[in-house]
Structure formats: structure tokens, C-alpha cells
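The values are calculated or read from the model by the stated rules, or taken from the named source; none is laboratory data. Computed from a prediction, not measured in an experiment: that's the story for all the values here. So basically every Cβ, Gly included, is an ideal-geometry build from the backbone, and we count neighbours across all protein chains shown. Ligands, DNA and RNA are stripped out before the accessible areas are found, and what is left, the full protein with its side chains, is counted by its heavy atoms. Shrake-Rupley method; radii C 1.70, N 1.55, O 1.52, S 1.80 Å.
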Amino acid sequence: SVLRLPILGKILLQLIPEEFQAKQILRLVYHDQSKITPETIHAYATPLKESAAKWALQRTSDQLIPSDLSTIISKYKTLYYPTLIIVGKFDNIVPPELPLKLSLDLPLAKLVTISSGHAPQEESPAETTELILNFFALTGG
């Protein structure tokens with residue numbers, strides 16, 4: 001991501017209007033483009049106007065992929081906790097083989113694919129909530 005470029009990322013966060021940033025991110029994240037309304041763009045853009053939010057976004061991007069990722073992944077098979085993995089069928093950010101691998105590595109994982117993009121909790125909140133509540137009911141969560 002451009003944000004991971006030390007100087008360029010910071011400059012772009014300052015120069016590109018927040019509404020444009022939000023709209024571009026939402027276009028990437030949402031499958032159903034009709035759900036990207038002016039209100040949604042405004043809701044995402046407003047926090048980006050705060051300098052602390054830009055700092056947090058930059059730091060998140062810097063730390064998104066930890067240097068010891070392979071060590072972390074190797075420990076997944078030792079985690080015996082019920083885990084619900086909800087994936088958007090039309091996710092343009094996470095390759096489909098990653099959640100599948102994660103579900104196979106976590107002994108008590110359940111993988112569910114729904115018709116959405118990268119953020120099913122945003123794009124399909126009712127369906128996502130129902131899946132989570134049902135999972136909690138089944139697992140005593």
C-alpha cells in the first residue's frame with residue numbers, strides 16, 4: 001500500500017481530500033456499490049479530518065503485516081477456541097485461499113461466506129449479526 005511508503009504515504013494523507021480517500025476505500029471494500037452513499041462517504045471521511053486519525057491510519061498500515069507473521073501463523077493449530085470466520089464472497093482485499101487456510105489451521109473454526117465485499121459487518125450488517133448471534137448460541141459465547 002502507498003501508506004507504507006515512509007514519506008509519500010504521509011504526504012498523500014495530507015494532500016488528498018478526505019472525501020476522496022473515503023470514497024476510494026469504500027469502492028474497494030464494498031461489493032454492492034449502491035451502498036456507497038454520500039452519507040456513508042461523509043461518515044468515513046469525517047474522522048479522517050483529524051490529525052490523530054491520519055496518524056493512526058499510518059501506524060496501522062505500518063504494522064499491518066508483522067515481521068514475525070510466519071511464527072504467529074505456525075501457532076494457529078494450537079488454538080482450541082471456537083472461531084467464526086465470516087468472509088465476503090466478493091472480497092477484493094483478502095485472497096480467498098487465506099480465510100480457507102485459516103479455517104483449516106484453527107481446529108475449532110467455522111468458515112462462512114456471505115454475499116458481500118471485504119467488510120460484511122458494514123455491507124450486510126443484519127446477516128453478519130445473525131451469523132454471530134447463532135454462533136454464540138451454539139458455542140456458549
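Computed from backbone phi with θ = phi - 60° and the Karplus coefficients 6.51, -1.76 and 1.60, the 3J(HN,Hα) list for segment 118-127 is 6, 10, x, 5, 8, 7, 9, x, 5, 5 Hz; x is used for glycine and proline. When percent of Cα pairs over 22 Å apart is calculated directly from the model, which label among [x] 35; [y] 46; [z] 53 fits? From the options [x] 35; [y] 46; [z] 53, the structure gives [z]. Largest mean-square fluctuation among His42, His118, His31, in a Gaussian network model of the chain whose springs join Cα atoms under 10 Å apart, belongs to His42. Roughly how tilted is helix 38-48, in degrees to the nearest 10 and between 0 and 90, from the longest Cα axis of the chain? Result, in degrees: 80. Taking Cβ atoms as reference points and 15 Å as the exclusive limit, the residues near Phe90 contribute a net charge of -2, counting Lys and Arg as +1 and Asp and Glu as -1.
Calculated [222 nm] ellipticity per residue, helices only, for the chain: -16500 deg cm²/dmol; basis is -39500 (n - 2.57) per DSSP H run with n ≥ 4, divided by all residues, nearest 500. In terms of accessible area, using a 1.4 Å probe and ignoring ligands and nucleic acids, Tyr81, Tyr76 rank largest first as Tyr81, Tyr76.
Taken as Cα centroids, segment 76-141 and segment 27-41 sit 21 Å apart, rounded to the nearest whole angstrom.
Is segment 14-97 rounded, prolate or oblate when judged by the Cα gyration tensor, a ≥ b ≥ c being the square roots of its eigenvalues, rounded requiring a/c under 1.5 and prolate requiring a/b larger than b/c? Here segment 14-97 falls in the oblate category. Straight-distance candidates among the lysines for linking to Lys89, with alpha-carbon spacing under 23 Å and chain neighbours fewer than 8 residues away dropped: Lys23, Lys35, Lys101, Lys110. Remark: spin-label model distance Thr60-Leu111 equals 2.5 nm, labels positioned 7 Å along the Cα→Cβ axis. Relative to the longest principal axis of the Cα atoms of the chain, helix 18-29 runs at roughly 30 degrees.
Shape class of segment 79-141 from the alpha-carbon gyration tensor: oblate, with a/c at 1.5 or above and b/c at least as large as a/b. Charged neighbours of Ser74, selected by a Cβ distance under 15 Å, balance to +1 (K, R count +1; D, E count -1). Note on surface exposure: Leu104, Leu48 rank Leu104, Leu48 by accessible area, highest first, 1.4 Å probe. Considering only Pro38, Ala126, Pro95, whose Cα is most displaced toward the positive end of the charge dipole of the chain, charges sitting on Cβ of Lys, Arg (+1) and Asp, Glu (-1)? Sorting the options by dipole projection puts first Pro95.
Within the listed set Leu98, Leu111, Leu26, the residue fluctuating most in the Gaussian network model of the chain (springs between alpha-carbon atoms under 10 angstrom) is Leu98.
Which distance in nm do the two modelled labels at Phe135 and Ser67 give, with both placed 7 Å along the Cα-to-Cβ direction? Going from the Phe135 label point to the Ser67 one covers 3.2 nm. Summary value for segment 20-141: 28 percent relative contact order, contacts being C-alpha pairs under 8 angstrom separated by 6+ residues.
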